[in-house]
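Data block below; observations after.
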């Protein structure tokens, strides 16, 4: 007899994709009523395993039992019928329809007449049961990202899911929303639901999970670890296969002159709507300044304005005392503002590594000289000195540990971490006065994150001013000397002694002044 | 475990074709697939020949002889290849930046007009030394072609006008413009052509030296071939060794990255279209001055469009353009010798379709995935 306390048992699951074994004889057990974290780097095989459990892929070998019954899923429909539902990282909702309509979409009931008021009530009850507060009559586009996620969860619950798979659910949430999500997850387990929590973030996993299974390179490196019996270091070791240091040493140093001064900056986004609304901030030499905020609150536009890629409608940006954007910037028709700002000593790690930061079908060498090709020694008159360019690329490949067969390899063949090291190598080797780093560790695995963070700290020690934009609050707190919080194109406040709660409130639109008020009243 | 006999299960072999992107595209594979595509095109062309009652093998053998059979016809092939090299280079440099200049044909006509204008206006008298006449005609041809490229380039850069449409439309304007001059202004005795150019405006041919070297008698290959080869080397150097060429390749591969690197895309768009037009214009000048020796209507059997095919066949490599242009020159020449003469056009068309289709194989690997399915 199999133990019926196991909601799901996967035995010896093997899935081969051409050239890789994405899942190699993986065993996975989910107990009823637990939150089980599936931890691993990108490409470790977490998603493949869960796609097998939800019927999206069929395993080449292995068996699945759900509540003690052997099952074989031919499609996601079969998996839902067995009570297995998944909340994907990217929501699958129709923005112009209401919450209820989205939840009912694709179901056999109601058949023809849509008795919406009845279903509003049903869904409202279901939402209350799990503390998933959302108005069933609201249209999806009116909801925040956190609320949309609740709709996704409600969708799977309404379909009768007992086993909920959450794929990196916190990636899009503000800290308060994360706390609310965790409360919801806990209340769901109290009702007897079981949850698989896919993540590569150790802090969260430690906070929410009961047990943890760690995957690496398609295999289970350790299964069913009790959270109480482990720590971050041990988990990171299992994930990466080597020791990872978390305590990045931020040596205290006196910051120097103001390098970047942004004053009362206004700009509009691609849709023509205001993206920056009177934003001011400053960064001094030898400082890392963090910019915290939920994605889409003007961070991208700010970086684009500072680097000359977007026009400011009002306001001034000074770099090293010189006005580079706005009234008083040098009138130069011949040179692009972007080029002028690069020449002023500003380097930029763009958010989008593939589409902005690199050129996929050019070689590693060509990608490395992207900004330096105009100056000697790489440039020689009208020509590019190929041997010098090549040896420069070779040197950076060594120094920054870019893993490629040769420097003639096309950039598109590089992994995320390698590509980011290439971009950092290029941007750092120009010895910039100011570095704008946009989400420099997003999507990277633990080992790569560590090396990128180290490089940023090194820049700080070398006296560069670094503006770090990140959605990872932990990262901002670990690296920054000071943190600004941006919300809808405005700075809500700044802090040198970061407090997660306070930053979280500012990230959702509370001004620092008002925080103080509330504090005093309380 | 339960021992209840399972009902007998039936299986059938199922499978499907799956496409996987290729990680690497080695050079030999590219060459192999291109050769395979050309071979397939010849087979398909052969089938068409069979259908119309011809013998494909005999037809191909005849074409081969007509184009490469002896030094005389080979010289003619090289003469045909000369304008092809120049217009193909025009396509190569523009396509490298993903500027779809379809207007090489019109730029070719504009170049022919510019060169002719030097002689016919006349800007320079007929007894001018060839040492002055020829360079002036080259300059005028390149400038006129460059202007024809500038217009779609400017519209693209400043108003984001689709260069495919505008450069294509410019072709008709160029042809009509030339027609106006050969019908109305420069026509000779009511014929739709200009008077013949003076000898000083002729590019030297190999045959011109037959007095010294008898073996060169009757050979039509002219100095334009040297322009073509030099231009190919220069364009290769620009693309792979110069700062400007690096900008062109970067914009072509990823305009957003180019913007991020501070490269002026507007200026480069105009510049590249002008250089592209100038190369095609030089092709027009070479044809007028090296072969036709007058301005007339039928100076191009669609060189500008054939150039697009050649540029793709050469995978946008300026040096590869030379041998492929020679092959196409031979194909055009052979087309004149066999009936119906449309055959060579037909084969050209089939080659292009096969090549475009083969590019897919270069990017993807096709796999058959078999599995057992229970029925």
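If you go through region A:134-165 and pick out every residue that is in contact with a strand residue (DSSP E or B) (Cβ under 8 Å, 6 or more places away or on another chain) and more than 25 Å from residue A:76 (Cα to Cα), you end up with 4. Residues that are closer than 29 Å to residue A:183 by Cα number at least 1 in the following strands (runs of 3 or more DSSP E) confined to region A:25-74: A:35-40, A:61-66. Once region B:254-295 is narrowed to residues that are within 30 Å of residue A:364 (Cβ to Cβ), touching a helix residue (DSSP H, G or I) at 6+ places or on another chain (Cβ under 6 Å) and not in a helix (DSSP H, G or I), the residue that is nearest to the other protein chains (Cβ to nearest Cβ) is B:262.
Test residue A:205 against the stated conditions and say whether it is part of a helix (DSSP H, G or I) and either outside the structural domain of residue A:35 (by TED's automatic domain parsing) or under 16 Å from residue A:102 (Cα atoms) (or both). When the stated conditions are applied, residue A:205 does not pass them. Condition test on residue A:355, is it touching a helix residue (DSSP H, G or I) at 6+ places or on another chain (Cβ under 9 Å), within 13 Å of another protein chain (Cβ to nearest Cβ) and part of a strand (DSSP E or B)? Judged against the criteria, residue A:355 is not a match. In summary, residue A:186 fulfils each of the numbered conditions (1) out of contact with any helix residue (DSSP H, G or I) (no Cβ under 6 Å at 6 or more places or on another chain); (2) surrounded by 18 or more Cβ atoms within 10 Å (Cβ to Cβ) with the single exception of condition (2). Residue selection: residue B:50 fails the criterion of being in contact (Cβ under 8 Å) with a residue 12 or more places away in the chain, away from chain A (no Cβ under 14 Å) and in contact with a helix residue (DSSP H, G or I) (Cβ under 8 Å, 6 or more places away or on another chain).
If you filter region B:226-253 down to residues that are closer than 30 Å to residue B:75 by Cβ and free of Cβ contacts under 8 Å to residues at least 40 places away in the same chain, you find that the one that is nearest to the other protein chains (Cβ to nearest Cβ) is B:237.
If you go through region A:434-468 and pick out every residue that is closer than 15 Å to residue A:201 by Cα and over 23 Å from the mean Cα position of the chain (by Cα), you end up with 0. Considering every residue within region B:135-157, establish whether at least one is within 14 Å of chain A (Cβ to nearest Cβ) and touching a helix residue (DSSP H, G or I) at 6+ places or on another chain (Cβ under 7 Å). Yes; the residues of region B:135-157 include at least one that is within 14 Å of chain A (Cβ to nearest Cβ) and touching a helix residue (DSSP H, G or I) at 6+ places or on another chain (Cβ under 7 Å). So is residue A:170 free of Cβ contacts under 8 Å to residues at least 60 places away in the same chain and under 22 Å from the mean Cα position of the chain (by Cα) or not? For residue A:170, the condition - free of Cβ contacts under 8 Å to residues at least 60 places away in the same chain and under 22 Å from the mean Cα position of the chain (by Cα) - is met. Within region A:277-284, one or more residues are closer than 30 Å to residue A:498 by Cα, more than 14 Å from every other protein chain (Cβ to nearest Cβ) and in contact with a helix residue (DSSP H, G or I) (Cβ under 9 Å, 6 or more places away or on another chain). Inclusion of residue A:196 among residues that are closer than 18 Å to residue A:169 by Cβ, in contact with a strand residue (DSSP E or B) (Cβ under 8 Å, 6 or more places away or on another chain) and not in a strand (DSSP E or B) is not warranted.
Restricting region A:108-141 to residues that are exposed (fewer than 12 other Cβ atoms within 10 Å of the Cβ) and within 28 Å of residue A:172 (Cα to Cα), the residue that is modelled with the highest pLDDT is A:125.
This table checks each residue for (1) surrounded by fewer than 19 Cβ atoms within 10 Å (Cβ to Cβ); (2) farther than 14 Å from residue B:277 by Cβ; (3) under 27 Å from the mean Cα position of the chain (by Cα).
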{"position": "B:140", "(1), (2), (3)": "no, no, yes"}
{"position": "B:144", "(1), (2), (3)": "no, no, yes"}
{"position": "B:148", "(1), (2), (3)": "no, no, yes"}
{"position": "B:159", "(1), (2), (3)": "yes, yes, no"}
{"position": "B:164", "(1), (2), (3)": "yes, yes, yes"}
{"position": "B:172", "(1), (2), (3)": "yes, yes, yes"}
{"position": "B:181", "(1), (2), (3)": "yes, yes, yes"}
{"position": "B:185", "(1), (2), (3)": "yes, yes, no"}
{"position": "B:196", "(1), (2), (3)": "yes, yes, no"}
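Scanning region A:358-387 for residues that are more than 36 Å from the chain's Cα centre (by Cα), more than 8 Å from chain B (Cβ to nearest Cβ) and part of a helix (DSSP H, G or I) turns up just one, A:387. Kindly evaluate residue A:466 against the criterion of being modelled with pLDDT of 90 or more, away from chain B (no Cβ under 11 Å) and within 30 Å of residue A:494 (Cα to Cα). Against the criterion (modelled with pLDDT of 90 or more, away from chain B (no Cβ under 11 Å) and within 30 Å of residue A:494 (Cα to Cα)), residue A:466 qualifies. Take the residues of region B:218-244 that are out of contact with any helix residue (DSSP H, G or I) (no Cβ under 6 Å at 6 or more places or on another chain) and not in a helix (DSSP H, G or I): which is nearest to residue B:202 (Cα to Cα)? Here the answer is B:223.
Look at (1) at pLDDT below 95; (2) surrounded by 21 or more Cβ atoms within 10 Å (Cβ to Cβ); (3) part of a helix (DSSP H, G or I) and you find that residue B:312 fails only one, number (2). Of all residues in region A:214-246, those satisfying the criterion of being touching a strand residue (DSSP E or B) at 6+ places or on another chain (Cβ under 8 Å) and modelled with pLDDT under 80 are A:240, A:241. Within region A:290-333, the residues that satisfy the criterion of being buried (at least 22 other Cβ atoms within 10 Å of the Cβ), closer than 20 Å to residue A:476 by Cβ and away from chain B (no Cβ under 14 Å) are A:290, A:291, A:292, A:293, A:294, A:297, A:298, A:299, A:301, A:302. Against the list (1) out of contact with any strand residue (DSSP E or B) (no Cβ under 6 Å at 6 or more places or on another chain); (2) over 12 Å from residue B:91 (Cα atoms), the condition residue B:304 fails is (2).
The values are calculated or read from the model by the stated rules, or taken from the named source; none is laboratory data. It should be emphasised that the depicted structure is a prediction, and the values quoted were computed from it without experimental measurement. In this analysis, Cβ positions are derived from the backbone assuming ideal geometry, glycine residues included, and neighbour counts consider all displayed protein chains.
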